[in-house]
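K.L.:
This is the structure, below, for whatever I ask next.
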Amino acid sequence: MESFIKQLTEKYQHQSTQLLMILREVQAQYFHIPKLAIALLVKELHIPKTQITGVIEFYSFLSTEPRGRYDIYISDSITDHMLGKHAIADYLCEKLKTPLGTIRADGLVSIANTSCTGLCDQGPAILVNGHAVGRLNKAHIDEIAALIEAQKPLAEWPTDLFAVADNIHKAGLLLNESVEKGAAIKATVQRGITETLAELKTSALRGRGGAGFTTAMKWQFCRETPETERYVVCNADEGEPGTFKDRVLLNSYADDLFEGMTVAAAIIGAKQGFVYLRGEYLHLYDKLQSVLALRRQANLLGENILSSGLNFDIEVRLGLGAYICGEESALIESLEGKMGVPRNRPPFPVTSGYLNKPTIVNNVETFVAAAHIALNGAEWFNQHGTEKSKGSKVLSISGDCARPGIYEYPFGTTIRQILADCGAEDVLGIQVGGPSGTFISNKEFDRKIAFEDLATGGSFIVFNNSRDIFAIVQNFTHFFAHESCGFCTPCRVGTSLMKNQYDKICTGHGSSGDVRELQEIAKLIKSTSHCGLGQTAAQPILTTLERYPELYNNKLKQISFEPGFDLDGSLAIARMLTGRDDSNAHLAQVEEE
Amino acid sequence: MSHITIDGQSVPFEDGQTIMEAATAAGVYIPHLCHHPEFTPHGSCKLCTVNVNGRCVSSCTFPAQEGQEIANNTEELNADRKRLTQMLFVEGNHFCPSCEKSGNCQLQAVGYHLNMLDNHYPHFFALKKVDASHPEVLLDRNRCIFCALCVRASHAEGKDVFGIVGRGINKHLEVTSESGELSDTNLEVNDRAAHICPTGAILVKGTAFKVPIGQRIYDHHDIDEMSLGESHE
């Protein structure tokens, strides 16, 4: 192990910022992070042990206990559930004789749940040793089980198992045509840097990750900082359940992304860029590396790019399963080889980001749009969209519709139009913008995709009338509790309290007081949490409570008086002490009618 | 000098000061647990949440700026703070009557200050490890509230004995030694990190009952009187 760790740390030049990349390789080699490896890394990287153990325990795809040699994670997103995840998971577990959440005695297989893997249009999905397999059915599972029992290395598995389709059903401004390689960089140099920034300002481009900050303003703030070492970071940590449009942009429009990042580097004056790629998208890693290599050969990256005097290069770094790293300051912490805990702001990343240097962090789609604007100009861009939301939005559509996949629309498009295009019928509601967004009902089809109405990072999950709202909200609420980084009190404790409270109502043990309590916790988490995760974690509950009060009322126990004391709840301690949870260990508040 | 307004009172501030710093200098108490004037603000407990021009911010990390109208000592904010304190109580295992820190504990004192009379939320009953390996210092994780003051103090001492690791509700305090035990770290009893804990999670052994219960700080003073000078220790 000594020589393995030594070679590995040499490969990464003993940089502690590379801790995640290093630990990823250790995990792949030993199926866990052995104690000895931790001790060796402390010496090689000169960092405290708690930084390493902190990272191991923080990220879902690392573990201190051995996982199976074939380590399987089942995507547990609501969209997977709708595509039959439970039955598929049962079959997989039975076939491999490994119950969910366990490691087989011979150490060959381990199976666990994981958050959305970004294959919502082609689920149910799993990750096998990090590699995505979508459209899972019983025949696939039979095939996979045979390969595993025969201990065939993943490299020898049929490649069609790992095929991931783009599923682009409607292309618009960005997806119709890629920018010709180098054209946006050339246009930027010819027009002038300041002039290109002005063009970007005129285009009124706003961040496509969901928050909608004006891109030109962010880049200008960064450019005006006194520091000279600056960084360009692409947020490709698309973790919002139901979102997969960046997967497609990275797979088929990577040149546009890198072009946009290079334009950004020219504008802010950066020499180094990073793509922070979510660990679930490991299947895109090699492809992105080869696109980067081709760009270096074509002098579109590296020294003196296209003889313009511009020096810039891009490195891809992988995440390891943590939704919170989509938050820009948590992403920066992760890039530095730490736990993804959001920073206090101010200072904002534009003045103090990666290694405390000025840094811009933008979504994949934002950079792609910027490349097009740099080439085609602001007018070409902002004749599309609405007054306050210019241009187009790429949506990831999944759930109950005939044609799930990628749809690009000008801002201002109505929900009705989108539903017609993707073939959705008998609709109950839509989760717009993912769990952190808004659940809209079937009375709101005239609303529009726009920052001033329904802002979205791109997730669009359709539910038909056969779906149970409680099951949906429960899945989302569990998701947030699982993904909370745990830094601040309201999110760390509150999301768990909210989860337990929601489960209580879902299982029919709630009274009207419980809904009030739920609402109170939800509002507290929303108003006092440290970052966007906590501030939006209660969205599924709050937006459905607002729209379907009668559903919640019907779910409550019909009791004739308002209880001032939760009899059954107060028995929780006794149940805990006796290890019992059977029906006789529960008491009804009053005789049920 | 520039001014902010806290609950209608004009409070002067210097450039670069946080709201908490300006308030403390002017003798205005804002409830807090993870804040300590000698260390970099952390902003994790959220007890110091105030309302600035309609928006909730952590006063320990948010810079004071001209024109800020700040609500602090309001019924609504104190109700939120009470709930946050109750969250800390149910997350850990805080049994004041049997805790050596009782009477000198800031968590308990904040509970008194906010008129917290029960836990309100269901208890988590989390299993937490106690580390009594060190000859002079006890680490009881049942009482840790993740304020990271020990982490910050130990880092400032160049030792990095403590670290908070893990994610979400599974977060826990770890020590930097191969065995994971406090006795194998280079923590010494006179280190600041051994004395900074606002609760009873890190205690110096053999000192527990030198001051009898009934004669301790918060047995006689509200935390709002003590905290402005940070004279808890």
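K.L.:
Name the single residue that is surrounded by the most Cβ atoms within 10 Å (Cβ to Cβ) among those in segment B:110-128 being in contact (Cβ under 8 Å) with a residue 40 or more places away in the chain and away from chain A (no Cβ under 11 Å).
P.N.:
Within segment B:110-128, the match that is surrounded by the most Cβ atoms within 10 Å (Cβ to Cβ) is B:V110.
K.L.:
Where the second residue is of a type in the set (D, E) and at pLDDT 95 or above and the first is closer than 16 Å to A:Y409 by Cα and lies in segment A:439-452, which pairs have Cβ atoms under 7 Å and are six or more apart or on separate chains?
P.N.:
A:R447/A:D453
K.L.:
Only one of (1) surrounded by fewer than 21 Cβ atoms within 10 Å (Cβ to Cβ); (2) under 30 Å from A:H14 (Cα atoms) is not met by A:N113, so which one is it?
P.N.:
Here A:N113 clears every test but (2).
K.L.:
Given (1) assigned to a helix (DSSP H, G or I); (2) aliphatic (A, V, I, L, M); (3) closer than 30 Å to A:Q431 by Cβ, where does A:I56 come up short, assuming only one miss?
P.N.:
It is condition (3) that A:I56 fails.
K.L.:
Could you tell me whether any residue of segment A:93-102 is of a type in the set (K, R), modelled with pLDDT of 95 or more and closer than 26 Å to A:C325 by Cβ?
P.N.:
For segment A:93-102, residues of a type in the set (K, R), modelled with pLDDT of 95 or more and closer than 26 Å to A:C325 by Cβ: absent.
K.L.:
Among the residues of segment B:91-107, count how many are assigned to a helix (DSSP H, G or I) and touching a helix residue (DSSP H, G or I) at 6+ places or on another chain (Cβ under 7 Å).
P.N.:
4
K.L.:
Now for a different question. Looking only at strands (runs of 3 or more DSSP E) that fall completely inside segment A:73-156, which ones have 1 or more residues that are touching an Asp or Glu at 6+ places or on another chain (Cβ under 9 Å) and among the small types (G, A, S)?
P.N.:
Output list reads A:109-114, A:131-133.
K.L.:
Residues that are assigned to a loop (DSSP other than H, G, I, E, B) and either touching a residue at least 12 places away in the same chain (Cβ under 8 Å) or away from chain A (no Cβ under 13 Å) (or both): does segment B:3-10 have at least one?
P.N.:
yes
K.L.:
For segment A:345-355: of the residues being over 17 Å from A:E224 (Cβ atoms) and surrounded by fewer than 19 Cβ atoms within 10 Å (Cβ to Cβ), which is farthest from the other protein chains (Cβ to nearest Cβ)?
P.N.:
A:L355
K.L.:
Consider A:N299 carefully, then state whether it is surrounded by fewer than 24 Cβ atoms within 10 Å (Cβ to Cβ) and either among the small types (G, A, S) or more than 14 Å from chain B (Cβ to nearest Cβ) (or both).
P.N.:
When the stated conditions are applied, A:N299 passes them.
K.L.:
Follow-up. Go through A:G107, A:G192, A:G134 for me and flag whichever is within 27 Å of A:L395 (Cα to Cα) and either of a type outside the set (A, V, I, L, M, F, W, C) or more than 28 Å from the chain's Cα centre (by Cα) (or both).
P.N.:
Sole residue among the options that is within 27 Å of A:L395 (Cα to Cα) and either of a type outside the set (A, V, I, L, M, F, W, C) or more than 28 Å from the chain's Cα centre (by Cα) (or both): A:G134.
K.L.:
Suppose the filter is out of contact with any Leu (no Cβ under 8 Å at 6 or more places or on another chain), within 30 Å of A:A330 (Cα to Cα) and not polar (S, T, N, Q); does B:E188 pass it?
P.N.:
Answer is no for this residue.
K.L.:
While we're on this one: So, in segment A:255-273, how many residues would count as being surrounded by 24 or more Cβ atoms within 10 Å (Cβ to Cβ) and within 28 Å of A:A163 (Cβ to Cβ)?
P.N.:
Qualifying residue count, segment A:255-273: 6.
K.L.:
Before we move on, is A:G212 surrounded by fewer than 21 Cβ atoms within 10 Å (Cβ to Cβ), in contact with a strand residue (DSSP E or B) (Cβ under 8 Å, 6 or more places away or on another chain) and part of a loop (DSSP other than H, G, I, E, B)?
P.N.:
yes
K.L.:
May I ask you to list the residues in segment A:545-593 that are assigned to a loop (DSSP other than H, G, I, E, B) and modelled with pLDDT of 85 or more?
P.N.:
The answer is A:Y548, A:L571, A:G579, A:R580, A:D581, A:D582, A:H586.
K.L.:
Hey, can you tell me all the residues within segment B:89-106 that are buried (at least 18 other Cβ atoms within 10 Å of the Cβ) and among the aromatic types (F, W, Y)?
P.N.:
Correct list: B:F89 only.
Listed here are the residues, each with its yes/no results for (1) outside any strand (DSSP E or B); (2) in contact (Cβ under 8 Å) with a residue 40 or more places away in the chain.
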position: A:A402; (1), (2): yes, no
position: A:Y407; (1), (2): no, yes
position: A:D421; (1), (2): yes, yes
position: A:V462; (1), (2): no, yes
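K.L.:
For segment A:152-201, which residues satisfy the criterion of being hydrophobic (A, V, I, L, M, F, W, C) and surrounded by fewer than 15 Cβ atoms within 10 Å (Cβ to Cβ)?
P.N.:
A:L154, A:A155, A:F162, A:A163, A:A165, A:A171
K.L.:
In segment B:25-84, what residues are within 21 Å of B:C144 (Cβ to Cβ), within 10 Å of chain A (Cβ to nearest Cβ) and part of a helix (DSSP H, G or I)?
P.N.:
Listed by number, the residues that qualify are B:R81, B:R83, B:L84.
K.L.:
For the condition without any contact (Cβ under 8 Å) to a residue 40 or more places away in the chain and within 26 Å of A:G532 (Cβ to Cβ), what is the one hit in A:A155, A:A150, A:A216?
P.N.:
Unique residue meeting the criteria: A:A216.
K.L.:
Quick one: is B:E21 within 17 Å of the chain's Cα centre (by Cα), at pLDDT 95 or above and part of a helix (DSSP H, G or I)?
P.N.:
It is true that B:E21 is within 17 Å of the chain's Cα centre (by Cα), at pLDDT 95 or above and part of a helix (DSSP H, G or I).
K.L.:
Here is a list: A:L518, A:L542. Which entry is assigned to a helix (DSSP H, G or I), more than 9 Å from chain B (Cβ to nearest Cβ) and more than 21 Å from B:F124 (Cα to Cα)?
P.N.:
Sole residue among the options that is assigned to a helix (DSSP H, G or I), more than 9 Å from chain B (Cβ to nearest Cβ) and more than 21 Å from B:F124 (Cα to Cα): A:L542.
K.L.:
Still on this structure, I have one more. Within segment A:524-538, can you find the residues that are at the interface with another protein chain (Cβ under 9 Å from one of its Cβ atoms) and in a helix (DSSP H, G or I)?
P.N.:
A:L524, A:S527, A:T528, listed by residue number.
K.L.:
Can I ask one more? Being charged (D, E, K, R) and more than 8 Å from chain B (Cβ to nearest Cβ) is the filter; apply it to segment A:45-70 and report the residue that is surrounded by the fewest Cβ atoms within 10 Å (Cβ to Cβ).
P.N.:
A:E65
K.L.:
While we're looking at this one, here's another question. Anything in segment A:75-100 that is at positive phi and under 22 Å from the mean Cα position of the chain (by Cα)? List them, or say none.
P.N.:
A:G84
K.L.:
Which strands (runs of 3 or more DSSP E) sit wholly inside segment B:134-233 and have at least 2 residues that are within 14 Å of chain A (Cβ to nearest Cβ) and buried (at least 21 other Cβ atoms within 10 Å of the Cβ)?
P.N.:
Per the criteria, B:162-165, B:172-175.
K.L.:
Would you point out which residue out of A:E452, A:E425 is over 19 Å from the mean Cα position of the chain (by Cα) and farther than 13 Å from A:D400 by Cα?
P.N.:
Residue meeting the stated conditions: A:E452.
K.L.:
Does at least one position in segment A:551-558 carry a residue that is surrounded by 19 or more Cβ atoms within 10 Å (Cβ to Cβ) and in contact with a helix residue (DSSP H, G or I) (Cβ under 9 Å, 6 or more places away or on another chain)?
P.N.:
Within segment A:551-558 (the criterion being surrounded by 19 or more Cβ atoms within 10 Å (Cβ to Cβ) and in contact with a helix residue (DSSP H, G or I) (Cβ under 9 Å, 6 or more places away or on another chain)), the answer is yes, since at least one residue qualifies.
K.L.:
While we're here: Looking at segment A:484-494, which of the residues that are part of a helix (DSSP H, G or I) and either among the hydrophobic types (A, V, I, L, M, F, W, C) or more than 7 Å from chain B (Cβ to nearest Cβ) (or both) is farthest from A:G326 (Cα to Cα)?
P.N.:
Looking at the filtered set, the residue picked out is A:V493.
The values are calculated or read from the model by the stated rules, or taken from the named source; none is laboratory data. Note that the structure is a prediction, hence the values are computed from the model and not measured. Reconstructed Cβ throughout: ideal geometry from the backbone, glycine too, with neighbour counts over all protein chains shown.
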